[in-house]
Amino acid sequence: MQFYIEPLDQSNAEKIASWHYEDEYAFYDPEADPEDLAELLNPALRGESMFAVRDGAGELVGFFAFQNKEGVVIFGLGLHPDLTGKGLGADFVRVGLVFAQSRFSPKTIQLHVAAFNKRAIKVYKRVGFREVEHYMNRTNGGEFDFIRMELIDGLNQ
C-alpha cells in the first residue's frame, strides 16, 4: 500500500476522532483521553504537529504526530481501526520515520507505547526501535504501564 502524508485538516481530525478500536485496543480510541481528543480537534492546540495519511485511492488510513524537542522527535501514530492487524504496520511506521527524518533531521526518534500492546511493540522493534524505559503514565482515567522506545542506528528496511 502506498501512503501519502498531508497536514491534518479539521475534516480529517473529526473523522479520526470517531475511530473506535476493538477489545483492549479501545484504549487508543481518541475519545478515551479528553486531553488527546481536545488536541486533535482544536486547530490551535494541534498546530502543525499532526498529519493525515492517505492511501493511493485518497482514503484516510491513519495519522502521524510529531513533537520536536531539542533534536529529539517524539513520534505518535494511529492506523485506521479497520487496517490494524493486517500486516501494514511496519510499512506505515517506516513512512512516518522517513518523513520525520527528512522534516526534522533529529538526533533521535522516540515513541511511547502501552506495555500491553505487544502487536505494536513487535512492529516497532522490527523497524529498529528498542525499549529504553518502562514507566507508569496517568492517562485515560487511570495509571498504565508504558514503554519509551528509541530508534537505534537508523531505520531497518
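So what's the back-of-envelope 222 nm ellipticity for the chain, counting only DSSP H runs of four-plus at -39500 (n - 2.57) apiece and dividing by all residues, rounded to 500? Write down the numbers at each step before the final one.
Numbers: 5 runs with 46 residues, N = 157.
Theoretical 222 nm ellipticity from helices: -8500 deg cm²/dmol.
Long-range amide H contacts for residue 29: which residues qualify at under 5 Å (H placed 1.01 Å from N, peptide plane, sequence gap of 5 or more or a different chain)?
21
Based on the alpha-carbon gyration tensor of the stretch 1-59 and its eigenvalue square roots a ≥ b ≥ c, which shape applies: rounded if a/c is under 1.5, prolate if not and a/b is larger than b/c, or oblate?
Details: a/c = 2.41, a/b = 1.16, b/c = 2.08.
Because a/c hits 1.5 or more and a/b fails to exceed b/c, the stretch 1-59 counts as oblate.
Once the mean 1/r over all distinct Cα pairs of the chain is inverted, what Kirkwood radius in angstroms do you read off? Could the numbers behind the result be given before it?
Numbers: mean 1/r = 0.0628 Å⁻¹.
Result for the chain stands at 15.9 Å.
Which semi-axes, in whole Å and largest first, does the equivalent ellipsoid of the stretch 13-99 have when worked out from the alpha carbon gyration tensor as the square roots of 5 times its eigenvalues?
Numbers: eigenvalues 74, 62, 33 Å².
Whole-Å semi-axes of the equivalent ellipsoid: 19, 18, 13.
Give the order of 74, 147 when sorted by the count of other beta carbons within 10 angstrom, beginning with the fewest.
Values: 74 17, 147 20.
Result, fewest neighbours first: 74, 147.
For the chain, calculate the relative contact order in percent as a whole number, restricting contacts to Cα pairs under 8 Å that are 6 or more residues apart. Before the final figure, lay out each step's value.
Details: 251 pairs, mean separation 29.0, N = 157.
The normalised contact order for the chain reaches 18 percent.
Express in nm, to one decimal, how much length is gained between residue 57 and residue 138 on full extension, taking 0.36 nm for each residue of separation and deducting their alpha carbon distance. If you can, show how the numbers build up before the last one.
Numbers: separation 81, 0.36 × 81 = 29.16 nm, distance 3.81 nm.
Full-extension gain reported as 25.4 nm.
Read the figures in this text as sums done on the coordinates, not as results from a lab. A quick note: this is a predicted structure, and the numbers were derived from the prediction, not measured. Glycine also receives a Cβ, built like all others from the backbone with ideal geometry; neighbour counts cover every protein chain displayed.
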